[in-house]
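Read the structure below first, then the notes.
Values quoted throughout were computed directly from the atomic coordinates according to the rules given, and no laboratory measurement underlies them. Note that this is a predicted model, so its numbers are computed, not measured.
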Amino acid sequence: MTKAKTKIVTMTGYLQYARVFEGNRDNNPQYHEKIDGQYNVNFYPETTGDFDAFFKAGAPVSSMGHDTIKIGDPEIGSGKYLKLKRPHKHPSGIEDFGGAPVIFDFREGESMRKWTMEEQGELGNGTKATVKVSIYGEGPRAAVRLEKIAVLDLVEFDGEASGQNRKDVF
């Protein structure tokens, strides 16, 4: 029996509903009680080649009866996205597998400059970024985890446009 290896995939595309900071993580206890919240983003790859690389690395085409590629906003990229996630606390207890993804500011080229919600702000819908994901295993049981984000071109966050400030939603 061979041991599964982690594969890293890097893709460039556009972000939607980015909840990737400690201050805006999705911590709905109904869904994320065991992991104390989750960081997630709808990621629209810029090319179909990015989808191909993602699945070639072993990512599942569907999981628990749901397709991995989702139909989204036709005005963002190809209109198709992947839901990328990372737990706040990984169920295994391994600290490196949980917590907010590391976010870098690449607006002026590659750098080690970190992006923070407090200093540079939240990431608005349509922000262009490069993401790095890890894929452990293959097929339907493969684990996909968001690792890093590099912001290439920021779209300012607008809570009204994203629907996050709507009071008619319960």
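For the set 83/132; 80/114; 56/89; 5/128, the pairs lying more than 24 angstrom apart at their alpha carbons are 80/114; 56/89; 5/128.
Using 0.36 nm per residue, how much length does the chain from residue 96 to residue 112 gain when fully extended, once their Cα-Cα distance is taken away? Could you put the intermediate results ahead of the total?
On the way: separation 16, 0.36 × 16 = 5.76 nm, distance 1.90 nm.
Gain on stretching residue 96 to residue 112: 3.9 nm.
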